[in-house]
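To keep things clear, I will list the structure first and then write my remarks on it.
Since every read-out is calculated from the coordinates, none of them should be taken as a lab result. Quantities reported herein were computed from a predicted structural model and do not represent experimental measurements. Neighbour counts are summed over all protein chains in view; Cβ atoms, including those assigned to glycine, are modelled from backbone coordinates with ideal geometry.
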Amino acid sequence: MRAFLALLLLAGCTADVDPLSVEDVFELGLSPAVDVLFVVDDSNSMAAIQAGVAAAWSSIAGPLAASDWQIGVTTTDFDDPARRGRLRAFSGDDRVLDPLDAGQPAGFAAAVSAGVEGSTTERGLQAAWAAVTPPLATNDNAGLIRDDARLAVVFVSDEDDCSDPASNPAAS
């Protein structure tokens with residue numbers, strides 16, 4: 001019995017095994033839809049970086065012009081219960097910016113200028129996940145994520161992410 005088991009194990013170890021080949025094909029179409037989530041660090045070292053992103057609207061909007069886009073902005077602050085992945089307002093109560101919104105540059109600048117009073121423990125990954133999954137995605141942040149759109153997440157920070165509870169016990 002042992003000799004038979006050894007032969008079976010040896011028979012499974014061959015040098016000419018074909019590797020598994022997987023091919024993913026995506027059709028984007030002529031005008032793909034894209035939902036963009038900006039996760040902006042709002043800790044005390046970010047004023048100049050936020051101002052730079054706010055001033056870069058034309059560089060951001062240009063590449064998006066050929067697509068059906070919309071933008072949401074949240075912060076890396078996961079300590080404040082009022083933030084924790086919730087989208088920031090562009091103007092009034094509007095939390096999703098799209099090509100039909102008037103005042104896009106000013107609204108975008110206001111949203112990404114998140115201030116510098118946020119937590120110094122940057123949890124961008126945790127905030128992004130909270131922003132695009134229920135319950136926020138179906139309540140407070142409803143409308144940002146569309147079934148037919150690709151999701152792009154842009155992190156704006158000058159620090160490493162501290163979302164992992166294993167490396168940051170305060171994050172849990």
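Details
- You can think of it this way: the chain between Asp147 and Ala82 has 20.7 nm of extra reach, that is 0.36 nm per residue less the Cα-Cα gap.
- Kirkwood analysis of the Cα pair distances in the range 21-150 returns a hydrodynamic radius of 15.4 Å.
- For Asp94 and Thr120, a Förster radius of 30 Å and the Cβ-Cβ distance give a FRET efficiency of 0.55, rounded to the nearest 0.05.
- The P(r) of the range 118-161 has a tail past 11 Å containing 70 percent of all C-alpha pairs.
- In sequence order, calculated HN-Hα J values of the range 139-147 (Karplus, 6.51, -1.76, 1.60; Hz; x Gly/Pro): 10, 4, 9, 4, x, 6, 9, 10, 4
- Annotation note: GluC sites (Glu not before Pro) in the range 83-172 located in DSSP loop regions with a Cβ neighbour count of at most 16 within 10 Å are Glu117, Glu159.
- Kirkwood hydrodynamic radius over Cα pairs of the range 29-101, then Stokes diffusion coefficient at 20 °C and 1.002 mPa s, in µm²/s: 158
- Annotation: amide H of Phe38 within the under-5 Å range of Gly72, Val73, Thr74, Val154, sequence separation 5 or more or interchain, hydrogens built in the peptide plane.
- In plain terms, if you count all Cα to Cα distances in the range 89-172 and split them into 5 Å steps from zero, the share in each step is 3, 12, 18, 22, 22, 15, 6, 2, 1 percent.
- The phi torsions of the range 114-127, fed into the Karplus equation with coefficients 6.51, -1.76 and 1.60 and a -60° offset, translate into couplings of 7, x, 10, 9, x, 4, 7, 9, 6, 10, x, 5, 5, 5 Hz, rounded to whole numbers, with Gly and Pro shown as x.
- Under 15 Å, Cβ to Cβ, from Asp79 - net charge with Lys/Arg +1 and Asp/Glu -1: -4
- Cut-off under 5 Å, modelled amide H: who pairs with Arg150 long-range: Ala33, Val34, Asp35
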